Structure formats: structure tokens, C-alpha cells
1. Put +1 on the Cβ of each Lys and Arg and -1 on the Cβ of each Asp and Glu in segment 25-146; which of Ser64, Thr95, Gly84 then has its Cα farthest toward the positive end of the dipole?
2. Among residues other than Phe29 whose Cβ falls under 15 Å from its Cβ, what is the net charge (Lys/Arg +1, Asp/Glu -1)?
3. Across bins of 5 angstrom width beginning at 0, how are the C-alpha pair distances of the chain distributed, in whole percent?
4. What's the local net charge at Val72, with K and R +1, D and E -1, over the other residues with C-beta under 12 Å away?
5. What is the percent carbon and sulfur in the accessible area of the chain, measuring with a 1.4 Å probe over the protein chains and ignoring ligands?
6. For segment 98-112, in order, what is each residue's ³J(HN,Hα) by Karplus, 6.51 cos²θ - 1.76 cosθ + 1.60 with θ = phi - 60°, in whole Hz (x at glycine and Pro)?
7. When Lys and Arg each count +1 and Asp and Glu each count -1, what net charge do the other residues less than 15 Å away from Gly116, Cβ to Cβ, add up to?
8. Treating only the Cβ of Lys, Arg, Asp and Glu as charged (+1, +1, -1, -1), what charge dipole size does the chain show about its Cα centre? Round to the nearest 20 debye.
Amino acid sequence: MPAREIIEPELNILGTSVVTISTATTTAFDFGTPNDINLATTTAGAPGLAYEHGNRVLVILSASTAGTTDTVSFSIQDAPDSSGSIGTPATALTTGTLTGGTGSQFARASVRLQNGRPWLRVRVTSDGTTDTFVTHCTVLGLPGVL
């Protein structure tokens, strides 16, 4: 098998989360303690595999619903460290489309990491109360050489 086909062992799952949202609100995905992902301290099992310096970060998102009324969208924030907790988050530098829409949605975005901002927070927003969305988020670390 050519080396270009052997990618799975190189992927680091940094976090996974599921959120059900049925009100007009914004909810952060909970990746387990400490809820958000701190790339500076992420190790195997907390919440996923270790982030390695130089990895690229890919966020994969989906929202499933039988409805077609409410709009769902996603956002990604980064933040500095504040004594081991997340500092003040701000919109992260990303590529990809997170705007979403009505009905079931799928999105992906790569995150450009910034110096001094090791925390990542991923959020989902619904604009109504008619539809219920079951949303999934997977955050992957990919080696820079892939």
C-alpha cells in the first residue's frame, strides 16, 4: 500500500462532542474536563490524543434535524491561557464555511493557531425553537507533513 494511503495512524483525535440544541441559543461543545480543548496540555485520554507542536487542526461539524425552519451555524474561538483555565475567547482564524443554514448541515474548518492562544472552543447556534438539532463535533490534529 502506498504511503499516501496510510493516514489514519497519523491523525490525533483531540476531542469529540455531541450537543442537542432546540432553543434559540448558542451552546459550546463539551469535550470533557475542562470542557474546551487546551492544546498546550491535551494528552491521550484528556479528551483525546495528544496535540503535537506543528500539527494542523481540523474541525468537522454536523447537525441533523428533520425540520426545515430554524437555522443552525457553528463558530470556533481561540483564547489565551488564564492560570490553567480558558482566557477571554475571540473568533479564531479559520478557513472553511461555518455559516450553516436550515435543515441538516455539515461543515469543516481548519484552524490557524496563534501564539499564546492554546485554547479552542467550538460552538453551535440555533436561531429558533421549532427544530431540534443533534450536532456532532470532531477536532483532529494532523501532522504538518500530510
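The values are calculated or read from the model by the stated rules, or taken from the named source; none is laboratory data. For clarity, every value in this text was computed on a predicted model and none was experimentally measured. Using ideal geometry, Cβ is built from the backbone for each residue, glycine included, and neighbour counts are taken over all protein chains shown. Calculation scope for accessible area: heavy atoms of the full protein, side chains included, ligands and nucleic acids excluded. Shrake-Rupley method; radii C 1.70, N 1.55, O 1.52, S 1.80 Å.
1. Thr95
2. Neighbour charge sum, excluding Phe29 itself: 0.
3. Values per bin, smallest distances first: 2, 10, 20, 21, 19, 13, 9, 5, 2, 0.
4. With Lys, Arg at +1 and Asp, Glu at -1, the net is -2.
5. 52
6. Each residue's phi maps through the Karplus curve to give 10, 5, x, x, 8, x, 5, 9, 9, 8, 8, 8, 9, 10, 8 Hz.
7. Cβ neighbours under 15 Å give a net charge of 0.
8. For this selection, approximately 260 debye.
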